[in-house]
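For reference, the structure discussed in these notes is given below.
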Amino acid sequence: MSFRDVRDWTGHSADPHDEQFGDIIEQATLETADEYDAMLVGEPYDGAVIGRAGAREGPEAIRDALARTKTHHFDAGPVDSVADLGDIEIPDGESVSAVQHAVREVAESIHETDAIPVFLGGDNSLTYANVAPLLGHRADGGYVTDGGFGNDEDSVGDVEHFDPTGGSREDDEEDDADEAVEDDDEAGEDEAANGDEADEGEDEQEPEDTDKSEKPADGDEAAAVPDEDTDEAMGDSDEQAAEEEDTEEIDIAEETDDETVAGAEEDDVQDAVEEAEDEDTASEAEADDEGEAEDNDDAAGEAEDDSATDETADEESDAAEDEESDAAEDEEVADDEAAEDDEAVDEEESGVGTAETVETVSATSETESTAERVGVISLDAHLDIREVEGQPTSGTPYRQLLDAGLDSLAVLGARHFETTTTYAEEFRERGGEIITAEEVGDDPIDAAGRALETVADADVVYVSVDMDVLDTTAGPGVSAPTPGGITSRELFRIVRLLASDDRLAGVEIVETAPPLCPDGRTARAAARTVAHALSVQ
């Protein structure tokens with residue numbers, strides 16, 4: 001999914017000294033969003049609205065009114081460093097669930113930037129898509145909480161266990177198994193290597209055996225030579241006896257001499273063979289001595305390795321003792337810091353109700369993009385926790401978020417006679433805080449303080465403004481206008497207090513329906529609400 005309709009911002013005043021938001025807002029992309037403090041994101045969708053349609057035209061109408069609004073705030077000074085990503089491209093003809101899923105994917109990328117997103121709605125059904133990325137695995141069904149408020153990990157069933165670092169217990173077990181397989185493979189390789197070395201040692205000894213077998217062969221050939229000479233001598237004697245019987249005695253004498261010489265040669269060869277065998281025996285003894293020497297060297301090396309291993313174990317033991325000592329010291333320091341933080345929180349809570357303390361109440365932790373606990377403060381005439389029947393609607397976003405694991409929720413400006421008893425009781429049972437429009441009128445600063453107390457344990461805070469929180473006279477252009485709402489001045493003041501919280505993760509303005517407001521006052525009130533939120537960023 002991509003963005004579309006990125007407008008070319010420009011001011012509308014003829015006075016060069018009148019700096020308007022149209023003069024300072026710049027076009028941006030997700031790649032350049034980190035360069036800005038805040039960024040606008042349009043969500044032109046009203047396919048899930050329960051009441052009257054028209055909110056899909058809200059983003060453009062709010063931008064038009066904001067472009068003509070001056071940037072200067074008397075207390076905060078001029079607003080700057082604001083970007084516009086354009087409108088999220090909403091898929092046509094898709095179910096509400098499909099739209100929520102598509103928008104959520106884009107919202108996840110937006111929340112990963114350093115800029116504070118300001119979503120311009122659109123109907124209230126997309127609140128779920130805007131907040132769900134902050135819940136991480138919980139919104140995927142991977143982490144089940146105890147009814148919507150809290151982190152009861154024991155309630156996890158067969159789903160993947162939630163890990164704030166992005167991993168899981170199953171991943172750790174797989175990693176351990178892989179490491180075990182790798183260790184077995186390495187052991188097998190070592191054994192194979194040792195086997196190869198042994199084979200090489202045997203191969204080196206083979207030539208000695210070959211020499212032993214070859215030397216007796218040479219002796220046999222040498223011994224065979226005198227037999228051939230004897231046969232030849234005997235043949236010659238027979239021929240001479242047949243031809244000259246007179247000379248038989250002379251031939252016999254010659255034959256006797258030949259046999260004597262052959263016997264002497266045979267004795268010499270036998271002596272040579274015995275001498276070679278003696279040399280081979282000496283070589284084997286020498287090789288045995290060398291093998292014993294090598295064995296002694298190996299034993300000495302193993303003894304040295306064992307000694308080195310013992311020394312290493314002693315060093316590791318000493319290092320472990322040092323680490324335990326350091327960990328104990330760190331734990332003492334952490335306990336002292338936690339005690340100081342608790343004292344600071346007690347001091348802040350004791351001052352709730354004054355303009356100076358309401359902006360810092362419950363701001364005990366820094367904002368983190370991967371926070372475990374998420375709190376939402378909704379300025380709305382309704383609770384919006386209807387049950388989902390079939391498809392989500394603009395009346396179900398907080399039911400969806402609570403079921404997904406939202407940790408805390410407060411509603412400011414709720415109207416009497418706008419919610420059924422069943423939903424009101426369930427809302428309170430699940431830990432929600434309801435601050436009525438009358439209570440806001442009595443003391444808007446105290447009302448903001450109560451809302452912040454409700455989300456005191458949250459790591460990040462998201463602020464949602466449904467324009468039907470205004471009285472009908474101030475905001476008629478909404479899907480469900482009713483009398484008895486808060487004033488625009490009360491709205492602006494509360495938004496500034498809430499948006500100044502350091503844990504702020506995003507703001508949204510929803511249910512602005514220009515076709516239902518002929519004079520544009522609702523869009524102008526929505527644009528001023530955006531300006532007040534931007535003034536504290």
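Nothing in this text is a laboratory measurement; each read-out follows from the coordinates by a stated rule. None of these values were measured; they are calculated from a predicted model. Here Cβ is always computed from backbone atoms with ideal geometry, including for glycine, and neighbour counts include all displayed protein chains.
Taking amide H as placed 1.01 Å from N in the peptide plane, the amide H of Leu504 sits under 5 Å from that of Val461, each at least 5 places away or on another chain. Computed from point charges on the beta carbon alone (+1 for Lys and Arg, -1 for Asp and Glu), the dipole magnitude for region 470-537 about its Cα centre is near 200 Debye.
A simple rule links phi to the HN-Hα coupling: the Karplus curve 6.51 cos²θ - 1.76 cosθ + 1.60 with θ = phi - 60°, which for region 404-410 gives 7, x, 4, 7, 7, 8, 10 Hz, with x for Gly and Pro. With a simple spin-label model that places each label point 7 Å from the Cα along the Cα-to-Cβ direction, the separation between Asp75 and Asp502 comes to 1.9 nm. Taking the Cβ of Thr482 as the centre, find all other residues whose Cβ is under 13 Å away and add up their charges (Lys, Arg: +1; Asp, Glu: -1). Combined, the nearby Lys, Arg, Asp and Glu give -4. Per-residue 3J(HN,Hα) values for region 374-384, derived from phi via the Karplus relation 6.51 cos²θ - 1.76 cosθ + 1.60 with θ = phi - 60°, read 10, x, 10, 10, 10, 9, 7, 6, 10, 7, 6 Hz in sequence order (x marks Gly and Pro).
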